[in-house]
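J.: One structure is given below, represented as structure tokens, and several questions about it will come after.
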Amino acid sequence: MNFSLKVWRQANAKAAGEFKTYKVNDITEDTSFLEMLDILNEDLIKKNEEPITFDHDCREGICGTCSLYINGRPHGPKNLVTTCQLFMRSFKDGETITIEPFRAKPFPVLKDLMVDRSAFDRIIQAGGFISVSTGSAPDGNSIPIHKDVVEEAMDAAQCIGCGACVAACKNASAMLFVSAKVSHLGLLPQGKVERLERVLNMVAQMDEEGFGSCTNTYACEAECPKGISVTNIARLNREFLAATFS
Amino acid sequence: MVLDAKIPSGPIESKWTNHKFGLKLVAPSNRRKYSVIIVGTGLAGASAAASLGELGYNVKVFCFQDSARRAHSVAAQGGINAAKNYRNDGDSIFRLFYDTVKGGDFRAREANVYRLAELSVNIIDQCVAQGVPFAREYGGYLDNRSFGGAQVSRTFYARGQTGQQLLLGAYSALARQIGSKQVEYYPRTEMLDLVMVNGKARGIVARNLVTGKIESHSADAVVLATGGYGNVFYLSTNAKGSNTTAIWRAHKKGALFGNPCFVQIHPTCIPVKGEYQSKLTLMSESLRNDGRVWVPKAKGDKRHPGQIPENERDYYLERVYPSFGNLVPRDVASRAAKKVCDEGRGVGSSGQAVYLDFADSIKRLGKDKIKERYGNLFDMYHEITDENPYEVPMRIFPAVHYTMGGLWVDYNLMSNLPGLFVLGEANFSDHGANRLGASALMQGLADGYFVIPSTIGGYLAGESFEKLDTSHEAFKTAENEVKERISKLLAINGKETVDYYHRMLGKIMWDNVGMGRNEPGLKEAISKIRALRDEFWQNVKVLGEGEEVNQSLEKAGRVADFLELAELMAQDALHRRESCGGHFREESQTPENEALRDDENFAYVAAWEYQGEGKEEVLHKEPLTFEYVKLTQRSYK
Ligand SMILES: Cc1cc2nc3c(=O)[nH]c(=O)nc-3n(C[C@H](O)[C@H](O)[C@H](O)COP(=O)(O)OP(=O)(O)OC[C@H]3O[C@@H](n4cnc5c(N)ncnc54)[C@H](O)[C@@H]3O)c2cc1C
Ligand code: FES
């Protein structure tokens, strides 16, 4: 397969960026999207052109490092997969593919397709935890938890923190990310104790980082590679109200 | 040099308790006077940083990813062992200890392994308290599954994302400490050297991966929790960034490297598909609970699996190992797969694969049950191969997965360099020559949550520390060395990319230092690695500058280190003229082609000491004695 790639190039955080077009040829359909970029990069290096910078690590869809806004969608055209799990058979031979970084004010571009998502870390630091110190835990079976509750918590806990929800949202809202953590911890008996402080602290940090508000377009759920549901946002709103009035 | 493992005396059940009691303590109000550097935020590093922060030490924590939560531990799928015996199926601390020593083919220290088994039960409690959503049964109690090398169900899991959930637990505990300013956090920062002052580890030199600036950090102790070095093979199940740099540079500063040739090749991975492939994907071992491994009985049988009748299939693991069947340990399963493929009975277009078939389990349990257990793994397989494993058996093949070798540490997890501690996959300690499934997560968390908080206090309280900061000349020297190396890499401007050299190295390692090793092959590997390393330093092309984001430069530094480590691995494999666990010397096998140990000559840890560029390393031996688990030839028949 052959492709034309329109790629965002930006030397550093301060530089102005622009699109550049590259050709890649003879790509097999079982090549992954990132392997296709690897092939292009090897080519560029040999031609003395700087390779394209992009974030990636596990290449199995679990670490949340890869990003990329492909043809107008975070993680590209397929639902429920990350960029690293996208294969070229999902594209048409001869297609022009546009590749941009995740764009959002709280995620500044560092270079080319690499952005700074440390705002997510700071939101977790503000309250995305259960305050238990090592050594003070009771036996794991001392509090039975209904299977359905754990499954629901796990559905939310699966979030990989990639930031696709923010990139998909016209307001750059981080509500899906924050609500997934609030739900995961708040649903479990261990996490219920602190749930009101947690939601207040995390939301305050989210606002401080400059994420926008949620206007219920649900683009986040549609683009989430892990299928995190917007029902979590409803739960966050309930908890937030409860916390504000308590 | 005498290697003192500092194993406490007394009966094995009370060694750890007595040892902890004997360790000096740092009083709570004094802890803030001590500073500790922790490199790595995987299960080992994040749990250590969180726990030491909670205790009140001043901690600085580093990782090369953009967030601590993305460390490679996140990718672990199957589960974590603990001797809870919630199933009442005869499990106990002693049995987990026994299984691990035997599974490791008698090349691990009994005392360390016993402690690991003992701490395993506390780990589960800790994780549950942090909100890790482990799978539960209908009554609300914790569920278990079985893993290879064990006949009890002791593996706790969170769907197919156990590593992710455990890491998020440790990460959140760490985040709490960062939020309260007890821990200083340095993501996107790569350690490039260890700094020794007056014989003690006192700091690191690191590169800020965003600005490219070289920075020094000083402390009273340094903890490396930097993961494994499986990527020396280029293709492995490790994340792309996993590397050996931190431990290799520490090795070059004097830390001994233990059993570098002990590599685990995991039996169930998606087979290699082509030249451009960048990594291999693991299909969790837990699949062997419900999947049956087979190949056609006849050579070169190219029929579709559905057309091969039952009596023309060879369920070779069940046939050869009736008591463990599909759940034999990894080294055994991998070698068996290689054997049937070498016989010409492999499947798929390359003939380098075997089937992992779920048809019987789907019939017995229903598709929904299988989906609940392995849904995300099946989806991942489908995504990568474009084949539906609910309908067609998976094709799998062994791939490099884990490194049992690592920096040598004593019972306190301190290397031979005072003040340098090593945790998790980066050390050599608990798995001997083969690691059992679901035991790496257990070890990482045992090291970080429970061992280091006690042992580091013992070290700090027992030493006096001169005040120093990064203006000390040792830091300046190390910084200059790091900078020179970077300039050198950028100046070569040769013809080939870094990835090209990495792939070439991987091929040498897979062919000659992989699943089957022999003397001529290993000697050939050593000379080929040397030649490749020379060529790398003359002909690699790294574009861009040092003081900016430069991913090629990052890779180049890591590959340069792999090119050195690879030679030591081959050297170690060559000297160990026995087979044990994952190390299979073709010269040493039983009549049934199983690994044949030579306890008389090789029941020791091989700890290698660096001697300088181009010089052969010196071997030190730590003898291993077995008081509680009788040395026997392993059998899973
Ligand atoms: C696909 C896969 C599945 C697995 N499944 C299981 C399982 O089910 N059960 C099980 O028990 N084990 C499993 N394992 C093994 C287990 O995941 C690892 O052995 C374990 O997580 C290693 O943890 P760690 O903390 O030692 O290192 P890692 O998680 O690898 O973390 C290393 C850390 O060190 C940092 N680092 C490295 N070098 C530097 C440097 N120079 N400077 C700064 N930072 C650095 C990294 O940024 C990272 O934070 C699996 C492994 C793989 C690959
Ligand atoms: S690289 Fe880890 S999720 Fe894509």
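J.: From the residues in segment B:53-66 that are open to solvent by 10 Å² or more (accessible area, probe 1.4 Å) and not hydrophobic (A, V, I, L, M, F, W, C), which one is farthest from ligand 2 (Cβ to nearest atom)?
T.: B:56
J.: Would you check if residue A:33 is under 28 Å from residue B:236 (Cβ atoms) and either open to solvent by 10 Å² or more (accessible area, probe 1.4 Å) or more than 9 Å from every other protein chain (Cβ to nearest Cβ) (or both)?
T.: yes
J.: Shifting gears a bit: Quick check on my filter: what residues within segment B:282-295 are crowded, with 21+ Cβ neighbours inside 10 Å and either farther than 30 Å from residue B:153 by Cα or within 13 Å of ligand 1 (Cβ to nearest atom) (or both)?
T.: B:282, B:283, B:284, B:285, B:286, B:287, B:288
A quick yes/no check of all residues on (1) open to solvent by less than 10 Å² (accessible area, probe 1.4 Å); (2) of a type in the set (Ser, Thr, Tyr):
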| residue | (1), (2) |
| --- | --- |
| B:13 | no, no |
| B:33 | no, no |
| B:51 | yes, yes |
| B:113 | yes, no |
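J.: I'm checking my understanding of the structure. Among residues of segment A:136-165 that are in contact with a His (Cβ under 7 Å, 6 or more places away or on another chain) and within 7 Å of chain B (Cβ to nearest Cβ), which one is nearest to residue A:225 (Cα to Cα)?
T.: A:157
J.: What is the number of the single condition among (1) at negative phi; (2) surrounded by 18 or more Cβ atoms within 10 Å (Cβ to Cβ); (3) at pLDDT 95 or above; (4) assigned to a loop (DSSP other than H, G, I, E, B) that residue A:16 does not meet?
T.: Only one criterion in (1) at negative phi; (2) surrounded by 18 or more Cβ atoms within 10 Å (Cβ to Cβ); (3) at pLDDT 95 or above; (4) assigned to a loop (DSSP other than H, G, I, E, B) is unmet by residue A:16, namely (2).
J.: Any residue at all in segment A:63-70 that's on the phi > 0 side of the Ramachandran plot and within 16 Å of ligand 1 (Cβ to nearest atom)?
T.: yes
J.: For segment B:181-197, check the following and say yes or no: at least one residue is within 12 Å of ligand 1 (Cβ to nearest atom), farther than 30 Å from residue B:104 by Cβ and of a type in the set (Val, Ile, Thr).
T.: Yes - at least one qualifying residue is present in segment B:181-197.
J.: Let me ask something else. Taking segment A:42-80, which residues are facing another protein chain (nearest Cβ under 9 Å), open to solvent by 20 Å² or more (accessible area, probe 1.4 Å) and among the polar types (S, T, N, Q)?
T.: A:48
Each row is one residue, and each column tells you yes or no for (1) of a type in the set (A, V, I, L, M); (2) modelled with pLDDT under 95; (3) open to solvent by less than 10 Å² (accessible area, probe 1.4 Å).
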residue	(1), (2), (3)
B:105	no, no, yes
B:110	no, no, no
B:120	no, no, yes
B:140	no, no, yes
B:150	yes, yes, no
B:153	no, yes, no
B:167	yes, no, yes
B:175	yes, no, yes
B:179	no, no, no
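J.: Name the residue, out of A:171, A:141, that is out of contact with any helix residue (DSSP H, G or I) (no Cβ under 6 Å at 6 or more places or on another chain), open to solvent by 10 Å² or more (accessible area, probe 1.4 Å), assigned to a loop (DSSP other than H, G, I, E, B) and in contact (Cβ under 8 Å) with a residue 40 or more places away in the chain.
T.: A:171
J.: Could you list, in sequence order, the residues of segment A:116-135 that are on the phi < 0 side of the Ramachandran plot, more than 7 Å from every other protein chain (Cβ to nearest Cβ) and in a loop (DSSP other than H, G, I, E, B)?
T.: Scanning segment A:116-135 gives a single hit, A:116.
Yes/no per residue for (1) away from chain A (no Cβ under 14 Å); (2) surrounded by 23 or more Cβ atoms within 10 Å (Cβ to Cβ); (3) within 14 Å of ligand 1 (Cβ to nearest atom); (4) aliphatic (A, V, I, L, M):
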position	(1), (2), (3), (4)
B:4	yes, no, no, no
B:10	yes, no, no, no
B:16	yes, no, no, no
B:25	yes, no, no, yes
B:72	no, yes, yes, no
B:75	no, yes, yes, yes
B:81	no, yes, yes, no
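J.: Does residue B:205 count as at pLDDT 95 or above, touching a Phe, Trp or Tyr at 6+ places or on another chain (Cβ under 8 Å), more than 8 Å from every other protein chain (Cβ to nearest Cβ) and buried (at least 21 other Cβ atoms within 10 Å of the Cβ)?
T.: Considered against the rule, which asks whether it is at pLDDT 95 or above, touching a Phe, Trp or Tyr at 6+ places or on another chain (Cβ under 8 Å), more than 8 Å from every other protein chain (Cβ to nearest Cβ) and buried (at least 21 other Cβ atoms within 10 Å of the Cβ), residue B:205 comes out as yes.
J.: Just one of the numbered conditions (1) open to solvent by 20 Å² or more (accessible area, probe 1.4 Å); (2) farther than 21 Å from residue B:377 by Cβ; (3) more than 7 Å from chain B (Cβ to nearest Cβ) is not true of residue A:39; which one?
T.: For residue A:39, the failing item is (3).
J.: Ok, one more. Which one of these is hydroxyl-bearing (Ser, Thr, Tyr), over 26 Å from residue B:434 (Cα atoms) and in contact with a strand residue (DSSP E or B) (Cβ under 9 Å, 6 or more places away or on another chain): B:385, B:403?
T.: Among B:385, B:403, only B:385 is hydroxyl-bearing (Ser, Thr, Tyr), over 26 Å from residue B:434 (Cα atoms) and in contact with a strand residue (DSSP E or B) (Cβ under 9 Å, 6 or more places away or on another chain).
J.: Filter segment A:31-82 for residues that are more than 10 Å from ligand 2 (Cβ to nearest atom) and acidic (Asp, Glu); which is farthest from residue B:241 (Cα to Cα)?
T.: Filtering segment A:31-82 for residues that are more than 10 Å from ligand 2 (Cβ to nearest atom) and acidic (Asp, Glu), the one farthest from residue B:241 (Cα to Cα) comes out as A:49.
J.: Among the residues of segment B:210-242 satisfying the criterion of being within 16 Å of ligand 2 (Cβ to nearest atom) and open to solvent by less than 20 Å² (accessible area, probe 1.4 Å), which is nearest to residue B:502 (Cα to Cα)?
T.: Among residues in segment B:210-242 that are within 16 Å of ligand 2 (Cβ to nearest atom) and open to solvent by less than 20 Å² (accessible area, probe 1.4 Å), the one nearest to residue B:502 (Cα to Cα) is B:231.
J.: Tell me whether segment A:95-113 contains one or more residues that are aliphatic (A, V, I, L, M), within 11 Å of chain B (Cβ to nearest Cβ) and either within 16 Å of ligand 1 (Cβ to nearest atom) or surrounded by fewer than 17 Cβ atoms within 10 Å (Cβ to Cβ) (or both).
T.: Within segment A:95-113, none of the residues are aliphatic (A, V, I, L, M), within 11 Å of chain B (Cβ to nearest Cβ) and either within 16 Å of ligand 1 (Cβ to nearest atom) or surrounded by fewer than 17 Cβ atoms within 10 Å (Cβ to Cβ) (or both).
J.: State all residues of segment B:449-495 that are in contact with a Ser or Thr (Cβ under 9 Å, 6 or more places away or on another chain), over 30 Å from residue B:536 (Cα atoms) and in a helix (DSSP H, G or I); if no residue qualifies, say none.
T.: B:449, B:450, B:452, B:453
J.: Scan segment B:67-97 residue by residue and report those that are within 16 Å of ligand 2 (Cβ to nearest atom) and among the basic types (Lys, Arg).
T.: The answer is B:69, B:70.
J.: Does residue B:320 qualify as being hydrophobic (A, V, I, L, M, F, W, C), closer than 15 Å to residue B:336 by Cα and either open to solvent by 10 Å² or more (accessible area, probe 1.4 Å) or within 16 Å of ligand 1 (Cβ to nearest atom) (or both)?
T.: yes
The values are calculated or read from the model by the stated rules, or taken from the named source; none is laboratory data. A quick note: this is a predicted structure, and the numbers were derived from the prediction, not measured. Every residue, glycine among them, receives a Cβ derived from its backbone with ideal geometry; neighbour counts consider all protein chains shown. When the accessible area is computed, the model is the full protein with side chains, heavy atoms only, and any ligands, DNA or RNA have been set aside. Shrake-Rupley method; radii C 1.70, N 1.55, O 1.52, S 1.80 Å.
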